[in-house]
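Throughout, read-outs are computed from the coordinates displayed, never taken from laboratory work. For clarity, every value in this text was computed on a predicted model and none was experimentally measured. So basically every Cβ, Gly included, is an ideal-geometry build from the backbone, and we count neighbours across all protein chains shown.
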Amino acid sequence: MIEFHQVSKTYRVSGQDIPALLPTDLRIEAGQIFGLIGHSGAGKSTLLRLINRLEEPSGGRIVVNGVDVTALDGTGLRGFRRQVGMIFQHFNLLSSKTVADNVALPLRLAGGQPSSAIDRRVAELLERVDLSAHARKYPAQLSGGQKQRVGIARALATGPKILLCDEATSALDPQTTGQVLQLLAEINRELGLTIVLITHEMDVIRRVCDQVAVMEAGRVVEQGAVADVFLHPQHPTTQRFVLEYEQLDQNELQEALARASGRVLRLTFRGESTYQPLLGSVARATGVDYSILSGRIDRIKDMPYGQLTLSLAGGDLEAAMERLRAAGVHVEVLRQ
Amino acid sequence: MNTLFANVVWYEIWLATLDTLLMLGGSLLFTVLLGLPLGVLLFLTGPRQLFEHRPLYALLSFVVNMLRSLPFIILLIVMIPFTVLITGTSLGVAGAIPPLVAGAAPFFARLVETALREVDRGIIEATQAMGATTRQIIFSALLPEARPGIIAAVTVTAITLVSYTAMAGVVGAGGLGDLAIRFGYQRFQTDVMVVTVVLLLVLVQILQGIGDRLVTHFSRK
């Protein structure tokens, strides 16, 4: 478990204090994939680096699994860092070392292991990330996705309990992003690793995260389970991120609303109800006519969801809404 | 052959070449031994680096700049008392090495500093995140990553030293430069001049060739 107690960070740039993170409380449960989303400069990268103290906090306390990280001395901090893996946007692999030597580096730095044990561990890690055939290659000979998998193998080498991901998929194409996210979800499941990842893409959050915190100008503006935050964003910044993901802008939505007649609702289905033939049966029972203005059926991590914007006319509108709610559908009235 | 190079005593040329190689080897060795740590220190204490230390960086920087701005020929003469102090003589190969090192080490240190700055900061950050000590960061990440740059720096320094050794001939250091001045210039023996210049040229070519090959070998990009 990672806890932030009133943690803040201020940079001093040419005599001026620039706040990067305002005093923040945060709790990341063990075993979760926790996503931090924000635009560049929102403070998410600073927050991530405070966890393993690549950035020194200006105030507050960070407690990881009961240990006050902020109070650790040099030796203690180095020991702690070995229990925290980290992967990076630009991979940060050593170009002068082979894939196998890159993965072995954290083990060699930690010391106390015979090289035969290190070799075995490296082979096992490369097996996990499916790169055994590339052990003798240099990073420059690999594709972006392969480099990030080397990064993941390297981060896992010392058997950490926490993995920090700094924009780990931002430099990758969509297909490779999918593979890397899948690998992260897999190690989270199989090794019980807590993963903290930062991104500026809602899609990354939707695909793998359990919890999400949205950051804006050095503070966390919204936080909660991904399904709640994603389907019912409260803060304007969160709403923008969701709209960005849906490739829909506010103007298009307004235009659709202007053209439609009658009452406009947004329905959100979660889980199994996504697949129920609910809409048709409610329409028949209440005599309501509906037309779909926009909609999407997708998944949040493993949970299917659907979100439809409808205009309704005729029949018994109140009864229709009542029936939808009774079936577990979240009903939001966009226009009376 | 004998009429074309009438004044050339090949045995003398051989001895002079040997002297030049000895001066070059000896001074290059000490230049690297002194300049590499100095370069690493310059890098580490520099702005926004691991051990940022403004006063120390300013001091090192000043000393390096001072030695580099001094024309080598002046340095040769100014250094004579100091050279006698450590080698017992200001003449010959032994007498030439201290001023050569004093002239080349600051230059080499700057090149090393630049090569280290070329290393991606992300590499340092990744190594820090692994729980590495500063010593480990330097020896396991920084120096291996900067290796091609450092080899290139050694090559440039070696070639600079070749021209310095020729100048050292002026104060009685021996070597090809000495031969060129005493016979080629002062006695108008153009053939000696031509032979020494060609030999120096060949030496520079060989050094550059070896350096380039090593840089290519160690570059994995």
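Quick notes on this one:
- Residue-by-residue Karplus 3J(HN,Hα) for the range B:26-39, coefficients 6.51, -1.76, 1.60, Hz, glycine and proline x: x, 5, 5, 4, 6, 4, 5, 4, 8, x, 5, x, 4, x
- Placed amide H near A:ILE300: partners under 5 Å, 5+ positions off or other chain: A:TYR305
- Extension gain from A:ARG219 to A:SER116, taking 0.36 nm per residue of separation minus the Cα-Cα distance: 32.4 nm
- Compared with the dominant Cα axis of chain A, that is its longest principal axis, helix A:317-326 is turned about 30°.
- Modelled FRET efficiency - R0 41 Å, B:LEU21 with A:ASP130, Cβ distances, 0.05 increments: 0.20
- Shape of the range A:256-335, Cα gyration tensor, a/c cut at 1.5: oblate
- Normalising the average separation of contacting C-alpha pairs (under 8 angstrom, six or more residues apart) by the number of residues puts the relative contact order of chain B at 27 percent.
- In nm, spacing of pseudo-spin labels at A:ALA313 and A:GLN254 (7 Å Cα→C-beta vector): 2.4
- Measuring nothing but how far apart in sequence close Cα pairs (under 8 Å, 6+ apart) lie, relative to its length, the range A:256-335 scores a relative contact order of 45 percent.
- Among A:ASN188, A:ASN65, A:ASN102, residue whose mean-square fluctuation peaks in a GNM of chain A (springs only between Cα atoms under 10 Å): A:ASN65
- Only helices enter the 222 nm calculation for chain B: every DSSP H run of n ≥ 4 contributes -39,500 (n - 2.57), and dividing by all residues gives -24500 deg cm²/dmol, rounded to 500.
- Distance from the range A:80-150 to the range B:171-221 (C-alpha centre basis), Å: 45
- For the range A:101-153, the calculated P(r) over all alpha carbon pairs, in 5 Å bins from 0 to the bin holding the longest distance, is 4, 22, 33, 22, 14, 5, 1 percent.
- Listed residues B:PRO37, B:PRO148, B:PRO71, most fluctuating in chain B (Gaussian network, C-alpha, under 10 Å): B:PRO71
- For chain A, relative contact order (Cα pairs under 8 Å, six or more residues apart, normalised by length) works out to 17 percent.
- Choice from B:GLU52, B:GLU145, B:GLU125 showing the highest fluctuation, given a GNM over chain B with Cα pairs closer than 10 Å: B:GLU125
- Rounded to whole Hz, the Karplus (6.51, -1.76, 1.60) HN-Hα couplings of the range A:81-88, x for glycine and proline: 4, 5, 9, 10, x, 9, 10, 10
- Folded to 0 to 90 degrees: helix A:174-191 orientation relative to chain A principal axis, Cα: 70
- Listing A:TYR290, A:TYR245, A:TYR11, B:TYR164 from fewest to most neighbouring C-beta atoms within 10 Å gives A:TYR11, A:TYR245, A:TYR290, B:TYR164.
- A cut-off under 15 angstrom between Cβ atoms defines the neighbours of B:VAL197, and their net charge, with Lys, Arg +1 and Asp, Glu -1, is -1.
- Size of electric dipole in the range B:10-218: Cβ of Lys, Arg +1 and of Asp, Glu -1, about Cα centre, debye, nearest 20: 320
- Using R0 = 60 Å, the C-beta based FRET efficiency linking B:SER163 and A:GLU186 works out to 0.50.
- Each Lys and Arg Cβ is given +1 and each Asp and Glu Cβ -1; about its Cα centre, the range B:112-188 then shows a dipole of about 300 debye.
- Least to most buried among A:LYS97, A:LYS137 (fewest other Cβ within 10 Å first): A:LYS137, A:LYS97
- Dipole of the range A:157-316, positive direction: furthest Cα of A:GLN223, A:VAL204, A:LEU163, with charges on the beta-carbon: A:GLN223
- Square roots of 5 times each gyration tensor eigenvalue, C-alpha, the protein assembly as shown, largest first, Å: 69, 24, 22
- The count of lysine pairs in the protein assembly as shown whose Cα atoms are under 18 Å apart, excluding pairs fewer than 8 places apart on the same chain, comes to 7.
- Taking other C-beta atoms within 10 angstrom as a stand-in for reagent exposure, B:ILE210, B:ILE74 fall in the order B:ILE74, B:ILE210, fewest first.
- Net charge contributed by nearby residues that have their C-beta within less than 13 Å of A:PHE80 (K/R +1, D/E -1): +3
- Distance between modelled label sites at B:TYR11 and A:ASP173, nm, 7 Å Cα→Cβ extension: 7.2
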